[in-house]
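Bear in mind that the values in this text are calculations on the coordinates, not laboratory data. Keep in mind it's a predicted model, so treat the numbers as computed, not measured. Neighbour counts are summed over all protein chains in view; Cβ atoms, including those assigned to glycine, are modelled from backbone coordinates with ideal geometry.
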Amino acid sequence: MRRIFILLLILLSVLLLATACARDEEPVPEQTQTSQAPPEPSYTPEPAEPPIAFVLNGQTQFNETFAQAAQPQVEAAGFRALLFYSESAEAQVEDMYAAIGSGAACIVVSPFDMDNLYEVLDEADMQGIPVVNVNVPVAGIVKTLVSPDYAEMGAMAAQACGNARPDGASVLMIDDLSSPFVAQMKRDGFMARAEELGNVSLAAAVLADGTEGSGQQATEKAIAENESVNAVFSTEELFYPGALAAVRASGRDISIISVGGGEGVLGEVAGGGLYASVFSSPAELARIAGEDAVILARDSNAGVLSFEWLKLELITRDNAVQYAAKGGYADLLTPVALSPSPSEQAAPEQGTASAET
C-alpha cells in the first residue's frame, strides 16, 4: 500500500508540473501585449488680464460715445473694458461693488451723486483698486479728477448770452437739482463774467432734474411771470428740449444757450433753435481718463495729475456744421491745415539755412 501511495504522489506531481508548463506557454492576452499611449497633456489657459471697469451715470449719448472711445484704448493696452451704465444713484453703488468683485485693476466712475459713493470708494481703496473720477467731482478717495471747468462753462454761457443780446441779456437759468455743487460752480462763473460784461443779468432761476421734460413747466411759468427774460441758460444738455418747448410755447423772441454737443444740440444750433452751446468732448475725456486708467491699472501707485481739465468750446451756427460732420457726438473742432503753395513748400529749407548762419 505504501508503494501505491508513493506512486500516486509522484503521478500527481507530474500532472501538476505539466499543467504549469502548459499555462506558461499560453499566449499573453492582446491587451497586455500592447502598451497604452500616454495621455494628452492638458494646458490651463493663462488668466485673462483684469478689467478696467467703467461705471457711468446712465446710458446717455455722451456716456456711450465716451465708452466707445475708451474701450479700444484700454484693449490696445492689454486690458478688457467692463462697462456699467448705472440706472440710478443707488444702482451705481451696487455696480461699483460689482466692479470691485470682478477684480478690476482700475475703476473709472462718472457719478450720479457726488456724496453717496464714499463707502464703496473706501472699499476700493482698501482693495488697492485706484479710481479715476470723471465729469462730476465725487466725495471720497480717488486718484484723479478729469472734468470740464464748470465755472468757465458758466462764464462762456454768460458771454454767449451777451453776444445774443448785445442790448442787454436778462437771463433765466435752469439749474440742476441733482448736482447742486456743479450747478453752483456754473452759476458762480456765470455771475462773475456777467459782472465783467455789464450787459448780462440773472433775472430768475428754476430747478430741473434728469426726468423727461423736467423743468419745462417751471420754465414756462418763469417766462410768463417775467416779461424781461430774453435769454435762457440751460445748464445741462438734457434740459434743452424742455427749454425749447417752453420758449416756443411763449411765442416770444428768447435766445437759448445750452450745454453739450449731441446730435440734437448740433441740429438745433445749426437750425437756429439754440443760439449756442458750451461743449466738452467725450472723446477727449476718453483719451485723458483712459490713459490715466491704464497707467494706474499697471501700477496703482503711479503718479498722475490730481486734476485734468477738459477743453471747452462754443458751438455756434457758424461752426455747427463742422462739428456735425464728425458724426454722433461732437468732438473738438480742430482747424484744417491748408496745403502750402509750391513757393511756400521751399520756404522751410531756406529759413533753416538762414537760421544756422
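Brief remarks follow.
- From most to least packed by mean Cβ count within 10 Å, the peptides 245-251, 50-56, 198-204 give 50-56, 198-204, 245-251.
- Sequence of Val131, Val229 once ranked by neighbouring C-beta atoms within 10 Å, starting from the fewest: Val229, Val131
- Here is the list for the stretch 199-229: GluC sites (Glu not before Pro) lying in DSSP coil, each with at most 16 other C-beta atoms within 10 angstrom of its C-beta, are Glu212, Glu227.
- Pairwise centroid distance, computed over Cα atoms, of the stretch 72-104 with the stretch 193-210, Å: 37 Å
- Between Gln322 and Ala302, the C-beta separation translates, for a Förster distance of 45 Å, into a calculated FRET efficiency of about 0.75.
- Of Arg80, Arg187, the sequence from fewest to most neighbouring Cβ atoms within 10 angstrom is Arg80, Arg187.
- Listed pairs Lys143/Lys326; Lys186/Lys221; Lys221/Lys326 exceeding 29 Å between Cα atoms: Lys143/Lys326; Lys221/Lys326
- Ascending count of other beta-carbon atoms within 10 Å, so fewest first, for Cys161, Cys106: Cys106, Cys161
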